[in-house]
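K.L.:
Can you read through this structure? Questions will come right after.
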């Protein structure tokens, strides 16, 4: 994503987390905190850095033992390549 002038990343992430927590809690019939209080951001220096970060994220279900290969996780961008 690219921030528009006058917007801060922390404020945008807070907005996303507030909205998604509200929708997820509504769908589950739950309440309360859903996300960690902080977030992690990473500056992408070049296309290689971006590709490595995407590969790392797509491999998370494999590391968690949920699937054998990244493309087997149906909610991953790896499943669409």
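K.L.:
To one decimal place, what Kirkwood hydrodynamic radius in Å is obtained for the chain from all pairs of distinct Cα atoms?
P.N.:
15.3 Å
K.L.:
Also: Taking the number of other C-beta atoms within 10 Å as the exposure measure, put 76, 15 in order starting with the fewest.
P.N.:
The order, fewest Cβ neighbours first, is 15, 76.
K.L.:
Another question, if that's okay. Going by a ≥ b ≥ c, the root eigenvalues of the Cα gyration tensor, does the range 37-81 fall in the rounded group (a/c under 1.5), the prolate group (a/b larger than b/c) or the oblate group?
P.N.:
The shape class here is oblate.
K.L.:
Each label point is 7 Å from the Cα along the Cα-to-Cβ direction; what then is the distance between the points at residue 9 and residue 72, in nm?
P.N.:
Placing both labels 7 Å beyond Cα along the Cβ direction yields 3.4 nm.
K.L.:
How long is the gain from residue 60 to residue 41 if the chain were fully straight, where each residue apart is worth 0.36 nm and the alpha carbon distance is subtracted?
P.N.:
5.2 nm is the gain from fully extending residue 60 to residue 41.
K.L.:
When 1, 44 are ordered from fewest to most other Cβ atoms inside 10 Å of their Cβ, what list results?
P.N.:
Least to most surrounded, the residues fall as 1, 44.
K.L.:
I've got another one for you. When the helix-only estimate is applied to the chain (DSSP H runs of n ≥ 4, each -39,500 (n - 2.57), divided by the residue count), what is the mean residue ellipticity at 222 nm, nearest 500 deg cm²/dmol?
P.N.:
-14000 deg cm²/dmol
A short reminder: the numbers here are calculations on the coordinates, not readings from a lab. On a predicted model such as this, the values are computed, not experimentally measured, just so you know. Methodologically, a virtual Cβ is constructed for each residue, glycine included, from the backbone with ideal geometry; neighbour enumeration extends over all protein chains shown.
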